[in-house]
Amino acid sequence: MKREPLIEMNNISKSFPGVLANHNISFRVYPGEIHALLGENGAGKSTLMSILAGLYRPDSGQIKVRGRQVQFRSPRYALESGIGMIYQHFRLVNNFTVAENIVLGAKRRGIINRQEGMEGKVQELSERFGLGVDPAARISNLSLGEQQRVEILKMLYRGCDVLIMDEPTTVLTPREVQDLFKVLRFMADEGRAVVLITHKLHEVMEIADYVTVLRKGEVAGSDRIENLHESDLTHMMVAREIEYGQVNRNTAPGPAVLEIKGLQVRGDLGYLAVKDATLDIRSGEIVSIAGVAGNGQRELVEALAGLRTPAKGSIRMKGRDITDYDIRKRLELGLNMVPEDRLGMGLVPNISVMDNSILRSYYRPEFSRGPFLNYSRIRKYARSLVENYNIYLSDINYPVNFLSGGNLQKLLLGRELDKRPQVIIASYPVRGLDVAAAEAVFQLLLRERDKGTAILLVLEDLDDIFRLSDRVAVMYDGEIRAVLDADTADLNTIGALMLGAAPTGA
């Protein structure tokens, strides 16, 4: 008996100003299938799925759901057809609770639910799928991984038969990834369909039943996963070899530039998130923080950048105590930060590339005179960033949310590096990027290291940590458990420390 597709997208094309995002794409998804949509950043994956989810309308082509042609005028129409999309950048109300976010916009069933009943339904759903989210918690107090789970619950609450997930594992720990995969397989076994937008080859090989690869807005290939190898997928994705730059250094690190001593930092709920952290970063050195997400990395980085006030301890930069300095004073000294949430803390989505380029320096004399901005200089500066950091875009006057993840990150990183910093703190700088875009970001950081900049990286991939770092600081439960030389450190030792093992000799 011939299987009927749950979703059919036939000859879909979509353009934005200066960009052909999708060209003549046909795509099918069947019930009980986990279908991976693979491709580099900017290949058109998210655009295609945003069309299916009703966020965009195609310029041409047709969509069928269960054999019936449909036209989605908004995401609500797609949801009513059982199609829900979880975006890479979360769409949650920070001041609302988990339960309030989940029922927000959903069709009311009878009378308005009381708070207890609403939370009870969410709790039941959370337990059924093993997502472990507190319905009464406020979104502003949740980690990025927990917020991702709320988005998943939101779609499940609406009874979606087709769940589209845009890079869902970028904010999850390895264990959370495995738990998510169990949820996805459970959903597929129930007859639902899952579309997994990703660039991570090993995840595709592990979880997908079928894969479609996009390259430059067109279908480069598709097949059942058992017929493919990772090398096949890589070639379809990029049609070229990825050049991994040399990490060898010619000079030894210099003296300590940033010194952290006995630092204690409280989290959002008042608990001690960082406990007596002591660490130094030298000029011309990369120190990476290894640890499972949620062990104090975010609070440590925010304290160093001036976003949080330490409860105890000191931060010194080139011998000067900067513990009580505000963000601008730290910037003026040359301490720059690349936050993990590039469109939440780093850039403003709906304003132009040009305006985003001066968000942290608009007050400087070269860009302003009194209350007036000098747009001719700002335009020239933005164009220099685009050229110097290989940022691909059609116009610096367009909003940054038109850019791919890799180009967003290069814009953000370039803006900070262009200030000739003494210290760069970069939190998950390649999260959500494909292999080529990630390597481009790493090369920018390595180039900066060779100029003598002290760099603190927060990374999640141990292979990247070992390849890039001079030293590795392992965090667990708010403590820096050990600081190890990357050349002599052992992968198993670092893995054990990340999970709470006592340091050797402790």
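The values are calculated or read from the model by the stated rules, or taken from the named source; none is laboratory data. The structure presented is a predicted model; accordingly, all values stated were derived computationally and were not measured. Heads up, the Cβs are rebuilt from the backbone with ideal geometry, glycines too, and the neighbour counts pull from every protein chain shown.
Go through the range 117-168 residue by residue and tally those that are outside any helix (DSSP H, G or I) and more than 18 Å from Glu190 (Cβ to Cβ).
Total meeting the criteria: 11.
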- request: May I ask you to list pairs of residues, at least six apart or on different chains, whose Cβ atoms are under 7 Å apart, with the first in the range 37-66 being at positive phi and the second being assigned to a loop (DSSP other than H, G, I, E, B) and crowded, with 17+ Cβ neighbours inside 10 Å?
  value: Gly39/His199; Gly42/Ser404; Gly44/Gly217; Gly54/Phe72; Arg66/Leu6
- line: By residue number, the members of the range 383-426 that are among the hydrophobic types (A, V, I, L, M, F, W, C), assigned to a helix (DSSP H, G or I) and in contact with a strand residue (DSSP E or B) (Cβ under 8 Å, 6 or more places away or on another chain) are Val400, Phe402, Leu412, Leu413, Leu417
- line: Across the range 427-453, the tally of residues that are at pLDDT 90 or above, surrounded by fewer than 23 Cβ atoms within 10 Å (Cβ to Cβ) and outside any helix (DSSP H, G or I) stands at 2
query: Do we have any residue at all in the range 180-203 that's within 20 Å of the chain's Cα centre (by Cα), assigned to a strand (DSSP E or B), at pLDDT 85 or above and closer than 25 Å to Val292 by Cα?
result: yes
task: Give the range 467-506 a look and list any residue that's part of a helix (DSSP H, G or I) and touching a strand residue (DSSP E or B) at 6+ places or on another chain (Cβ under 8 Å), or say none.
output: Leu468, Thr493, Ile494, Leu497, Met498
field: Pairs where the first residue, in the range 435-451, is closer than 18 Å to Ser231 by Cα and the second is modelled with pLDDT of 90 or more, C-beta under 9 Å, 6+ apart
entry: none
task: Go through the range 244-329 and tell me which strands (runs of 3 or more DSSP E), entirely inside it, have 1 or more residues that are surrounded by fewer than 16 Cβ atoms within 10 Å (Cβ to Cβ).
output: 256-266, 272-282, 312-317
task: Find the residue count for the range 147-171, including only residues that are at pLDDT below 85 and closer than 12 Å to Thr198 by Cβ.
output: 4
- request: Kindly provide the set of residues from the range 64-96 that are at pLDDT below 90 and over 26 Å from Val194 (Cβ atoms), ordered by number.
  value: Asn94, Asn95
message: Going by what's in this entry, would Ile494 be described as under 24 Å from the mean Cα position of the chain (by Cα) and under 21 Å from His199 (Cα atoms)?
response: no
task: Count, please, the residues in the range 362-383 that happen to be surrounded by fewer than 17 Cβ atoms within 10 Å (Cβ to Cβ), farther than 18 Å from Asn407 by Cβ and within 30 Å of the chain's Cα centre (by Cα).
output: 4
